[in-house]
Amino acid sequence: MSATAPAGKGVSCRNLVKEYGGGDSRVLALRGVDLDIAPGELTLLVGPSGCGKTTLISILAGTLNPTSGEVSVLGVDLNRLSKRERTAFRAKNVGFVFQQFNLLPALTAAENVAVPLVINGVSRGTALARAVEVLKSVGLAERVGSLPSQLSGGQQQRVAIARALVHRPRVLVADEPTSAVDARTGQAVMELIRAVALQPDRVAVVVTHDPRVFGFADRIIELEDGRVAASRHADHGAGVPQPAPA
């Protein structure tokens with residue numbers, strides 16, 4: 001199966017279940033999630049710690065397999081992809097901002113950001129030039145040659161975001177992208193993510209506990225105990241999510 005995804009498709013989940021462990025140690029992280037996420041808008045996933053948010057976005061990004069249920073991303077049924085096809089799909093279509101950054105310590109900021117392009121077959125010189133452009137866009141023009149150990153937590157977060165954006169992914173998934181940055185940098189980060197989200201062939205999903213970013217949302221989905229407890233289209237995040245229709 002090809003890793004190329006058709007245009008105009010978003011994300012669809014039906015009865016999505018994820019279990020960890022077994023027996024007395026069994027944990028049910030997702031308990032039958034039904035969810036549709038449209039392209040061209042920014043969706044926030046909110047809810048208490050342990051409610052399944054990170055598990056859900058990891059499945060949407062193709063880095064984690066569900067125990068059961070259906071998940072379609074950009075019109076592609078991820079359950080039908082082989083391991084190799086899923087890896088190729090992620091490399092081409094998905095940008096993931098990890099909460100723990102996951103930067104390679106021996107690589108400079110520019111080299112870290114260039115990694116997705118190199119994986120996709122772009123020459124090293126071209127990849128580094130594009131990486132420098134994206135680092136400039138997140139305010140790190142002076143740190144392109146710095147190692148992660150030479151950067152603050154907030155700067156490392158911005159490198160991680162630049163890495164997720166550099167190959168212009170059609171699916172952008174971010175786990176707490178503003179957790180390690182100040183208010184001004186957080187606003188710049190969310191402006192970048194929203195610019196991606198508003199493109200009609202892109203999907204952007206952000207997990208957050210940060211009320212400062214609610215104003216960027218087009219839709220807010222609340223998870224509780226592994227289920228969708230509330231969902232609404234937001235007037236730039238005003239108010240709180242309302243219960244989803246039964």
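Residues in the range 63-88 that are under 18 Å from residue 203 (Cα atoms), modelled with pLDDT of 95 or more and of a type in the set (Ser, Thr, Tyr): 72 only. Checking each residue of the range 196-204 against the condition of being in a strand (DSSP E or B) and crowded, with 22+ Cβ neighbours inside 10 Å gives at least one match. Residue count for the range 21-37 satisfying the condition of being under 25 Å from residue 74 (Cβ atoms) and without any contact (Cβ under 8 Å) to a residue 40 or more places away in the chain: 1. When the range 205-215 is filtered for residues that are part of a helix (DSSP H, G or I) and either touching a His at 6+ places or on another chain (Cβ under 7 Å) or free of Cβ contacts under 8 Å to residues at least 60 places away in the same chain (or both), the ones remaining, listed by number, are 211, 212, 215. Looking only at residues in the range 154-195 that are β-branched (Val, Ile, Thr) and part of a helix (DSSP H, G or I), the one that is modelled with the highest pLDDT is 159. Only a single criterion out of (1) of a type outside the set (S, T, N, Q); (2) touching a Cys at 6+ places or on another chain (Cβ under 9 Å); (3) surrounded by 19 or more Cβ atoms within 10 Å (Cβ to Cβ) is not satisfied by residue 36, namely (3). Restricting 172, 103, 117 to residues that are in contact with a Pro (Cβ under 6 Å, 6 or more places away or on another chain), crowded, with 21+ Cβ neighbours inside 10 Å and of a type in the set (A, V, I, L, M, F, W, C) narrows the list to 103. Being over 24 Å from residue 179 (Cβ atoms), of a type in the set (Val, Ile, Thr), buried (at least 17 other Cβ atoms within 10 Å of the Cβ) and at pLDDT 95 or above is true of residue 132. Picking from residues in the range 73-89 that are under 16 Å from residue 58 (Cβ atoms) and touching a strand residue (DSSP E or B) at 6+ places or on another chain (Cβ under 8 Å), the one that is surrounded by the fewest Cβ atoms within 10 Å (Cβ to Cβ) is 79.
The values are calculated or read from the model by the stated rules, or taken from the named source; none is laboratory data. Keep in mind it's a predicted model, so treat the numbers as computed, not measured. When we count neighbours, we look across all protein chains shown, and the Cβ atoms used for this are built from the backbone with ideal geometry, even at glycine.
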